[in-house]
Each structure stands twice: as C-alpha cells, then as structure tokens.
1. Spelling out what I want: for every residue of region 143-148, take phi, set θ = phi - 60°, compute 6.51 cos²θ - 1.76 cosθ + 1.60 (Karplus), and round to whole Hz; glycine and proline get x.
2. Projecting each Cα onto the charge dipole of region 165-355 (Lys/Arg +1, Asp/Glu -1 at the beta carbon, about the Cα centre), which of 283, 310, 321 comes out farthest on the positive side?
3. Can you compute the modelled spin-label distance between residue 143 and residue 353, with each label point 7 Å from Cα toward Cβ, in nm?
4. Mind listing the long-range amide H neighbours of residue 93? Cut-off is under 5 Å, sequence gap 5 or more, other chains count too, H placed in the peptide plane at 1.01 Å from N.
5. If each DSSP helix of 4+ residues adds -39,500 (n - 2.57) and the sum is divided by the residues in the chain, what number results at 222 nm, nearest 500 deg cm²/dmol?
6. Can you pull the percent of region 165-355's accessible area that's carbon plus sulfur, 1.4 Å probe, other chains left in place?
7. In percent, what relative contact order does the chain have, based on Cα pairs under 8 Å that are 6 or more apart in sequence?
8. Using a 1.4 Å probe on the protein chains only, how many percent of the accessible area of region 1-99 belongs to carbon and sulfur?
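The values are calculated or read from the model by the stated rules, or taken from the named source; none is laboratory data. On a predicted model such as this, the values are computed, not experimentally measured, just so you know. Note: ideal-geometry Cβ built from the backbone for every residue, glycine included; neighbour counts use all protein chains shown. For accessibility, only protein heavy atoms count, side chains too; no ligands or nucleic acids. Shrake-Rupley method; radii C 1.70, N 1.55, O 1.52, S 1.80 Å.
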Amino acid sequence: MSLTFDHITLGQRVLFGTGAAAANLAAEVARLGAQRVMVIASDFETEMARAVAADIDVALWHHDVVMHVPIEVADKARAAAAESGIDLLVCVGGGSTTGLAKAVGMTSRLPIIAVPTTYAGSEATNVWGLTEASRKTTGVDDAVLPVTVIYDAALTLSLPVEMSVASGLNGMAHCIDSMWGPRVDPINQALGAEGIRALSQGLPLITADPSGTDGREQALYGAYLSAVAFASAGSGIHHKICHVLGGTFNLPHAQTHATVLPYVLAFNAPAAPEAAARIAAAFGTADALTGLQDLRKRLDAPKALADYGFTADGIAKAVEIILPAVPASNPYPATTQNLTRLLQAALTGEDPAVLLSR
Ligand code: NAD
C-alpha cells in the first residue's frame, strides 16, 4: 500500500511529573507573563486546585462546573472572566472542568493551562463541546487547545477505582475510534496503538494498587496519547454514538464510553481488518475484541447502558440522531437496523460478539 497522507501535529507543551504540578504551574504562569489568572475547578476539585495553585497569584476562582458544559454555565464563566480582566485560564479537574475552560477560551481567545485529574484527555484536543436544549454540539477551534498541559499522577490518586477504570476506557475509546476516524493516518494510528498499550498496562496496575503511581502514570501517558490520536483522526462512529447518549440522554461520559466501546469494536472490526490487527497487536492478543474484553474483565469494567439510566424506549430517538452523524468513511456502513441492534446489545450488556456475525 502506498504511503500518502496529510497530517497536522498540534502545538502544545506537555509537562509530565508526579508531584510537580504546583512547581510546573508556577513556572508556566511566569513564562507566559500572566498577571490575572482565573482558576476553574469544580467544588469537589477545589482542594486539589488550591494545592496546585499554591505558588501563583489567583485573580479569580470559578467553581460552577457542570458536565457536558451547558451554555448557561459557559456564559456565566465567560462573563466572570471578562469582568475580572483575566489574561490566563487555568483548569484543574476532569474533562468537564477542562471543557468549561475551553468554552471560555473559545470566545475570549485567552490561553489555557490544563491540569487534568482524570483520563478523559480533553486537555490534548482542540475540540470544544457545549450543550444547549438537550443537544450536545462539538466543534474544532485551535484557540481552545491548552497551550500547556501539566500532568501529575498524584492528582489522580483520589479518583476511585471504578471511575479510574471508566475514565481510562474513555481514553481507550479515543485510541480505538482513531483507528477508523475520518482523518486516520499512520501517525495517529501509531499514537493510538501506543495509547492502547500504555492504558492496557496501566489500568490493571491501578485496580491492583489504587494508591500506587506507576499505573496512574501509565494511564495518564496513555490518556494523553489517546487524545492526540483522537484530535488528529477526528470523531469516529464511537464518539458520535456516545455524544448523543451523553448530550441527549444525559448519560455519564466515561461510563458510557467504557460500555459502548466493545460493541463498536465488534461492529467495525470485521470490516476493518488492518485496524483490527493493529489493535490486537497493541493488546498483545490474536484478536482485537478478545484483547479489549480480556482487559475489561480484569478491570470489572462497566457492562450495560441500562445501569446508567438508558432505557429501550430511547433507542429509536438515539439512532435517529446518530445515523446522519456517522462518518461516511466508517468501515461498516451504519443503518437504522444495525445501529438499533448495537444499542440493544449495549443496553443490556449482551456479549458484543453477537454483532460479529452478519
Ligand atoms: P468529569 O470531569 O465530569 O469528572 C467526573 C467526576 O470525577 C466529577 O465529579 C469530578 O469532580 C470528579 N473528579 C475529577 N477528578 C477527580 C480526582 N482526581 N479524584 C476524584 N474525583 C475526581 O468527567 P470526565 O470523564 O473527566 O470528563 C467528561 C467530560 O469531558 C464530558 O463532558 C466530555 O464530553 C468531555 N471530554 C471532552 C473531550 C474533548 O476533546 N473536548 C475529550 C474527552 C472528554
């Protein structure tokens, strides 16, 4: 096969060091010459954020963070930043907190330093998301890509095992969906494959020893790679499905990704043998779905959408919104029938292998 592609690498500084977040943040704020810093962190994340921001002057604290960034929440934060003459945004928290900083950066064009505390990966993408009238909209804007990401595995130690697993599998979903994303290329596939390897090594270490940093460092490293791969390859069918389930049905982000992923892999793998072979190699198994399912079993991963509030009467509406959003390049053409079957299986936690036979 000839090698022809068009790849963009996004420019961003990445500082990785366990226990070093406060020092790294102070150095970055000084380097950027910022005078009026706004720190965004949810109420729950505030204690961590105070420790991370211990060595900088904070002009404004903002705690009103809501998952999937409702437009009213974004507008409030935008107004607060403008009123306080903010010149740098710092977010300390999960993807929801990063998402709010991006919503402010999108309109204000202010630079962002992101200090992630989950494995969601939003910090490494130029993708924003907003929710208005129960519809989640996403878009791409380089202004929302944080100028610097500060990774500190110590900040993820408080993430409960169950949430660590779901969040880590959200990262895994970025890697796997990148393998057939609309702008897939050999570079983002390589990043995605290394992300699969790092996450599949790190997550079992977290479940075995939640208070150790080795697994958490691997998981953060994998989460970063996964997000870079995803930002480059673009949203594939998996992300289109999950964003409807999150935006319209308000299902929890990480758990939804973790649950739906094996169904999407089973849906696409037979039609994408090269991608499936790369995924299998990254897991170190003969078959991609086996690799993912073996890992999910070891991690006791989320199994059924019904456990997160989805019901059978939502399937028709979900399919209606998902179908037109599925990239035309998806390896296996999506139809009302096969998407309905996929969601039925994910609803109850049926064996994803049922989707392989068609
Ligand atoms: P989240 O940010 O909503 O966090 C989940 C919960 O975990 C929250 O209650 C939070 O306070 C808590 N939490 C965060 N860090 C913690 C820690 N270290 N210890 C204990 N608790 C902690 O969830 P998420 O999964 O990180 O992010 C989901 C959001 O991110 C969604 O809105 C999703 O759309 C968005 N996202 C966007 C992109 C992108 O590229 N734009 C990528 C991934 C996710």
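1. 5, 8, 6, x, 5, 9
2. Working it through, the farthest residue towards the positive pole turns out to be 321.
3. Rounded to a tenth, the inter-label distance reads 5.1 nm.
4. 115, 117
5. Details: 13 runs with 178 residues, N = 358.
Mean residue ellipticity, 222 nm, calculated: -16000 deg cm²/dmol.
6. Carbon and sulfur atoms account for 54 percent of the accessible area of region 165-355.
7. Relative contact order, the chain: 14 percent.
8. 53 percent
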